[in-house]
Amino acid sequence: PMTDPSDAPSPNTLSGIRITALPSFGQLRLNGNLVAINADLTLADIPNLLYVQNSSVSLTDSFLFSVRDNGGTANGGTDLQTTSSSFTFN
């Protein structure tokens, strides 16, 4: 989980994610379009994010993302997670 003591009010809520690494064996697509590294997705985009496997071979794959909250950056706050999280497909 992401915490930011400089944000007020706290706790903040999820507002989106940033894709920080793409899958190795597939593609991420948003509404049919390829997602690029460092793409910022809104909370409304997340349900439309689709993983498309490149081959018929069953492989484990993953992508990395950072969480963005709605707290903003006022008063030295951070609205983007500084370390990436992983989402894995089996």
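Overview of values
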item: Filter pass, ASP7 being at pLDDT below 90, out of contact with any Cys (no Cβ under 8 Å at 6 or more places or on another chain) and open to solvent by less than 40 Å² (accessible area, probe 1.4 Å); result: yes
item: Filter result for THR88 (under 12 Å from the mean Cα position of the chain (by Cα), open to solvent by 60 Å² or more (accessible area, probe 1.4 Å) and of a type in the set (Val, Ile, Thr)); result: no
item: Test: residue in segment 10-24 that is open to solvent by 50 Å² or more (accessible area, probe 1.4 Å), within 18 Å of ASN90 (Cα to Cα) and either of a type in the set (Lys, Arg) or touching a residue at least 24 places away in the same chain (Cβ under 8 Å) (or both); result: yes
item: Residue in segment 51-71 that is open to solvent by 40 Å² or more (accessible area, probe 1.4 Å), touching a Gly at 6+ places or on another chain (Cβ under 7 Å), closer than 17 Å to LEU14 by Cα and without any contact (Cβ under 8 Å) to a residue 60 or more places away in the chain present; result: yes
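The values are calculated or read from the model by the stated rules, or taken from the named source; none is laboratory data. Quick caveat: nothing in here was measured; it's all calculated off a predicted structure. Virtual Cβ from ideal backbone geometry, glycine too; neighbours counted across all protein chains shown. Areas reflect the complete protein model, heavy atoms only, side chains present, ligands, DNA and RNA absent. Shrake-Rupley method; radii C 1.70, N 1.55, O 1.52, S 1.80 Å.
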